[in-house]
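Visitor: Pasting a structure below so you can have a look.
The values are calculated or read from the model by the stated rules, or taken from the named source; none is laboratory data. Owing to the predicted nature of the structure, the values given are computational and were not obtained by experimental measurement. FYI the Cβ positions are ideal-geometry reconstructions off the backbone, even for glycines, and counts take in every protein chain you see.
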Amino acid sequence: MDEKDLTILNDILSKYYNDSHESTNIKERIVSELTAIVDQWMADIATTTKHPNFDFAELGYGLKVFGSYRLKTNSYDGDIDMLCIVPEFINRE
């Protein structure tokens, strides 16, 4: 691969596969806000179901981010893969 090919490749990668600073900030804010919502939801349910001292974070519960966003390999228009892990006393109702 010569210098010209590398330049073309870098142009393509930067155009389609690099998140802009602005897009990254927006996605980070979204993840942060959703995490806060899920944490509050679990805390509210824990209180009403007689589990007020349940330490969700220590036990690995909460909103988990994975995929290309977590690996920092997502494109500017890529989605954010998330999974909400909750204890068995929390359900969808």
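Visitor: Does the stretch 28-50 contain at least one residue that is of a type outside the set (D, E, K, R), more than 18 Å from the chain's Cα centre (by Cα), part of a loop (DSSP other than H, G, I, E, B) and exposed (fewer than 15 other Cβ atoms within 10 Å of the Cβ)?
Guide: Checking the stretch 28-50: at least one residue is of a type outside the set (D, E, K, R), more than 18 Å from the chain's Cα centre (by Cα), part of a loop (DSSP other than H, G, I, E, B) and exposed (fewer than 15 other Cβ atoms within 10 Å of the Cβ).
Visitor: If a residue must be among the polar types (S, T, N, Q) and closer than 16 Å to V31 by Cβ, how many such residues does the stretch 46-72 contain?
Guide: Qualifying residue count, the stretch 46-72: 1.
Visitor: Right, here's the next one. How about the stretch 51-88: which of its residues are of a type in the set (A, V, I, L, M) and either at pLDDT below 80 or loosely packed, with under 12 Cβ neighbours inside 10 Å (or both)?
Guide: A57, L59, L71, L83
Visitor: For the stretch 74-93, which positions are closer than 13 Å to S23 by Cα and over 10 Å from the mean Cα position of the chain (by Cα)?
Guide: N74, S75, Y76, D77, G78
Visitor: Name the single residue that is modelled with the highest pLDDT among those in the stretch 1-27 being under 18 Å from the mean Cα position of the chain (by Cα) and outside any helix (DSSP H, G or I).
Guide: My answer is S20.
Visitor: As an exercise: evaluate G78 against (1) out of contact with any helix residue (DSSP H, G or I) (no Cβ under 8 Å at 6 or more places or on another chain); (2) in a loop (DSSP other than H, G, I, E, B) and give the number of the one condition it does not meet.
Guide: Tallying (1) out of contact with any helix residue (DSSP H, G or I) (no Cβ under 8 Å at 6 or more places or on another chain); (2) in a loop (DSSP other than H, G, I, E, B), G78 fails exactly one: (1).
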